[in-house]
Amino acid sequence: MAWDEWERLKSTAADQGSTRMQLNRVPDEREEGAAGGGANGDLTVDHQDLVAVGNSAFKLFEGLGNHGRDAWSSSQTAAKDLTTQEFELGGALHVVQDRWEKSLKTLLDACAHISNHMDFTQNAHAGDEYHIASTVSSIATLDQGFDEGVKR
């Protein structure tokens with residue numbers, strides 16, 4: 001691309017206003033054709049969703065814990081035999097096995113963390129549904145009292 005062509009492209013882009021910044025956001029409900037979930041949004045999570053996430057994390061943890069190291073013994077034996085026979089592949093296989101072990105441990109830790117966090121959250125917020133409902137009821141009653149006070 002020649003310098004003149006570059007300058008012409010920059011000028012054209014500046015004339016078209018293509019350098020303005022635009023932020024991504026959810027459109028307002030008032031905007032025509034806006035896709036949104038209403039005043040409260042469309043992102044909701046209920047007890048069953050959280051239980052499903054916790055159960056999936058626990059099942060993955062159990063499966064990886066039981067089967068994630070199935071090839072460890074044979075891989076270590078092969079790495080040792082290859083190294084003894086002076087094949088460089090033995091060292092490489094040992095490195096791969098070591099990385100697999102570190103990755104497996106990281107994944108197991110993450111699954112345990114997710115599962116435990118879901119259990120903790122469930123126990124910590126067990127009575128929140130009742131508390132939230134009573135709080136909303138109290139606010140509605142308070143609002144009604146203010147409205148009646150205005151009418152008098």
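Brief remarks on what is shown
- Percent of Cα-Cα distances greater than 22 Å, calculated over region 51-132: 47
- Packing-based ranking of 57-64, 82-89 yields 57-64, 82-89, ordered from highest to lowest mean Cβ neighbour count within 10 Å.
Readers should treat all values here as calculations from the given coordinates under stated rules, not as data from a laboratory. Computed from a predicted model, the values in this text were never measured in an experiment. So basically every Cβ, Gly included, is an ideal-geometry build from the backbone, and we count neighbours across all protein chains shown.
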